[in-house]
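Each remark here refers to the structure printed beneath this line.
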Amino acid sequence: MGKEWLIILMLAIASEPSAKAEPPKSSPPPAAADVQAPPSISPPNPNSVAPRPAPPAVQAKCDTGPYRSLVGRTISDVLTTRLPPGTRIYRLGDPVTEPVPPGRLNIEINRGTRVGRIYCS
């Protein structure tokens, strides 16, 4: 492996959204004087309108058009191109994780150092 794959790995790690979560901050228990009675529950209003369910999330569309010119080019050309977040660059035959998020741009490097194909998952 050469320097190019180290750069590809760094690019892939940098483009993945990080899931850093802070631990929840605990607060001291309330004093006896601070405790309030639970709110009273009223019967449902028959004239009220039930809330509508949220529409399904729109999946990101993947457009390979602007990147088709990279097919046949070298890895360095790919690394100098601004790619959408979450783009996966991998070498043909490398293990690939499943399931793949829909709408992800994939760039496959052939057995050499050239882009073999660009597709959406």
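Here, each number is a calculation from the coordinates, and none is a lab measurement. Keep in mind that this is a model prediction, so the values were computed, not measured. Here Cβ is always computed from backbone atoms with ideal geometry, including for glycine, and neighbour counts include all displayed protein chains.
Results, tabulated for the structure shown:
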item	result
Residues being at positive phi and in contact (Cβ under 8 Å) with a residue 40 or more places away in the chain - total across segment 92-121	1
Cross-chain or 6+ apart pairs with Cβ under 7 Å, segment 63-91 first and part of a loop (DSSP other than H, G, I, E, B), then of a type in the set (Gly, Ala, Ser) and surrounded by 13 or more Cβ atoms within 10 Å (Cβ to Cβ)	Pro85/Ser15; Gly86/Ser15; Thr87/Ser15
Those residues of segment 84-112 which are of a type in the set (Ser, Thr, Tyr) and touching a Leu at 6+ places or on another chain (Cβ under 9 Å), in sequence order	Thr87
Filter result (surrounded by 12 or more Cβ atoms within 10 Å (Cβ to Cβ), farther than 16 Å from Glu4 by Cα and β-branched (Val, Ile, Thr)) within segment 79-121	Thr87, Val100, Ile118
Selection within segment 67-91 - on the phi < 0 side of the Ramachandran plot and under 17 Å from the mean Cα position of the chain (by Cα)	Arg82, Leu83, Pro84, Pro85, Thr87, Arg88, Ile89, Tyr90
